[in-house]
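A.B. asks: Quick one: this structure, given as structure tokens, is what I'll be asking you about.
Nothing in this text is a laboratory measurement; each read-out follows from the coordinates by a stated rule. These numbers come from a predicted model, not from an experiment. Using ideal geometry, Cβ is built from the backbone for each residue, glycine included, and neighbour counts are taken over all protein chains shown.
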Amino acid sequence: MLSANDSLIHVSNLPPNATDDFLRSFFQDCGNVLNVSSKHRANGNFAFIQFDNKESAIRAVANYNYTKLNGEPIIITYASIEYMRIIHSGLGNICIKGLDENIEASQLHELFSNFGEVISCKVPMQYGKNRGFAYIQFKNPMDADRARQELADATINGKPISIEAYVKKDNPNKPQYVNRKSGMNDVFTNIFIRNLPDSVRSLADLVTLFVDFGPVISARIILDKKAGFCNMADHDSAVRALNGLNGKILYGNTLITCRALTKEERLAFHQKSA
């Protein structure tokens, strides 16, 4: 059973030619890479890298974050439960505008780290130059507020900047879960999946299955039972994953998904059955 999210990292802003083999070789100096699972999307490519220990993940973030591949910096963040919850919450995220086109993500990360721990810095690029704005995700929302207040009238590289809190947009098309059972809470985030194919052998593989449906907070894989659990960031994402993966054929195996019962629900079910 694997559930050590502390040894899992998320790498985004990857170039299209960044294959799993390339990424495995790229991160091998950080430690033993157990698995690489990449995903290619129209709006950007990303990957999950699974190491065999937390220290290797720490080295990967410390040594390779914002390394440029094909002229653009990659963004590496820990895929731990704590960090995933913070990122999904939308709290502690600020937007900086009016930036000099030559400013680097690593420079902004260092600058804003003076106010507290920075989880990530995203600087959208175009033709090798930044587009004049960036997003900074702090671990502590209070640090983000302090940075916003103290740098309100600041200049960077001689250019005046403006800083505002980044507000996440709500999804207007929220799905509805209709397969309800008596005694079960209608709101859930944890999904149980079974009949996984042999190709799904790691946390990285499992998480990659679910990220198309929304942010993943944590995951656990049970190899000997070809099953696993995935805890989504919110109910809507869980519903999308439940409906989107159930019955899907993956490498010859028909996936079976259902909502995972909470401890209280399992207890109530057993008491009712007794």
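A.B. asks: Among residues other than Thr254 whose Cβ falls under 15 Å from its Cβ, what is the net charge (Lys/Arg +1, Asp/Glu -1)? Provide the component values of the computation, followed by the final result.
C.D. replies: Working: positive: Arg194, Lys226, Lys248; negative: Asp198.
Surrounding charge for Thr254 is +2.
A.B. asks: Which order, highest average first, do 123-134, 45-56 follow once you tally other Cβ atoms within 10 Å for each residue and take the mean per peptide?
C.D. replies: 45-56, 123-134
A.B. asks: Determine by what factor the alpha-carbon radius of gyration of the chain differs from 2.2 N^0.38 Å, reporting the quotient.
C.D. replies: Normalised Cα radius of gyration, the chain: 1.10.
A.B. asks: Out of every Cα pair in the stretch 190-273, what percent are spaced more than 20 Å from each other?
C.D. replies: Taking all Cα-Cα pairs of the stretch 190-273, the fraction more than 20 Å apart is 31 percent.
A.B. asks: What order do you get for Val118, Val187, Val61, Val239 when you list them from fewest to most C-beta neighbours inside 10 Å? The partial results should precede the final answer.
C.D. replies: Values: Val118 21, Val187 11, Val61 16, Val239 24.
Ordered by Cβ neighbours within 10 Å, fewest first: Val187, Val61, Val118, Val239.
A.B. asks: Ok, one more. Can you tell me the relative contact order of the chain? Whole percent, Cα pairs under 8 Å, sequence separation 6 or more.
C.D. replies: Value for the chain: 18 percent.
A.B. asks: Now a separate question. Using the basic label-point model (7 angstrom from Cα toward the beta carbon), what is the Lys39 to Glu110 distance in nanometres?
C.D. replies: 3.3 nm
A.B. asks: Just going by the charge dipole of the stretch 5-165, with Lys and Arg at +1 and Asp and Glu at -1 on Cβ, which of Leu8, Ile74, Leu151 is farthest out on the positive end?
C.D. replies: Ile74
A.B. asks: Suppose every K and R has +1 on its Cβ and every D and E has -1 on its Cβ; what is the size of the dipole of the chain about the Cα centre, in Debye to the nearest 20? Don't skip to the end; give the middle numbers.
C.D. replies: Details: 31 positive and 28 negative charges, 214 e Å.
Dipole of the chain, to the nearest 20 debye: 1020 debye.
A.B. asks: In nm, what is the difference between 0.36 nm times the number of residues separating Glu264 and Asn17 and their Cα-Cα distance?
C.D. replies: 84.2 nm
A.B. asks: Once you compute Rg and the Kirkwood Rh from C-alpha atoms, what is the Rg to Rh ratio for the stretch 5-165? Let's see the in-between values first.
C.D. replies: Numbers: Rg = 15.9 Å, Rh = 16.3 Å.
Taking Rg over the Kirkwood Rh, I get 0.97.
A.B. asks: State the answer as a single residue: which of Asn114, Gly128, Phe138 lies farthest towards the positive end of the charge dipole of the stretch 96-164, with beta carbon charges of +1 for Lys and Arg and -1 for Asp and Glu, about the Cα centre.
C.D. replies: Gly128
A.B. asks: Also: Where does each of Cys230, Cys121 land when they are ranked from fewest to most other beta-carbon atoms within 10 angstrom?
C.D. replies: The order, fewest Cβ neighbours first, is Cys121, Cys230.
A.B. asks: Only Cα pairs under 8 Å and at least 6 apart count here; give the relative contact order of the stretch 190-273 as a rounded whole percent.
C.D. replies: 36 percent
A.B. asks: Along the Cα-to-C-beta direction of Met142, a point sits 7 Å from the Cα; which residues of the stretch 67-101 have their amide N less than 14 Å from that point?
C.D. replies: Backbone N within reach: 92.
A.B. asks: Could you work out how much longer the chain between Lys97 and Val61 gets when fully extended? Use 0.36 nm per residue separation minus the Cα distance between them, nm to one decimal. It would help to have the intermediate numbers written out before the result.
C.D. replies: Working: separation 36, 0.36 × 36 = 12.96 nm, distance 2.56 nm.
Contour length minus the Cα-Cα distance gives 10.4 nm.
A.B. asks: Given a cut-off of 20 Å, name the pairs among Lys129/Lys159; Lys68/Lys122; Lys225/Lys248; Lys97/Lys159; Lys68/Lys139 whose C-alpha atoms lie farther apart than that in the structure shown. Write out the running numbers ahead of the final one.
C.D. replies: On the way: Lys129/Lys159 16 Å; Lys68/Lys122 13 Å; Lys225/Lys248 18 Å; Lys97/Lys159 10 Å; Lys68/Lys139 24 Å.
Check vs 20 Å cut-off fails for Lys68/Lys139.
A.B. asks: Further question on the same structure: Using the 10 angstrom Cβ neighbour count as an exposure proxy, how do Ser162, Ser80, Ser7 rank, fewest first?
C.D. replies: Fewest to most other Cβ atoms nearby, the residues stand as Ser162, Ser80, Ser7.
A.B. asks: If you find the alpha carbon centre of the stretch 188-267 and of the stretch 29-96, how far apart are they in angstrom?
C.D. replies: For the stretch 188-267 versus the stretch 29-96, the Cα centre distance is 21 Å.
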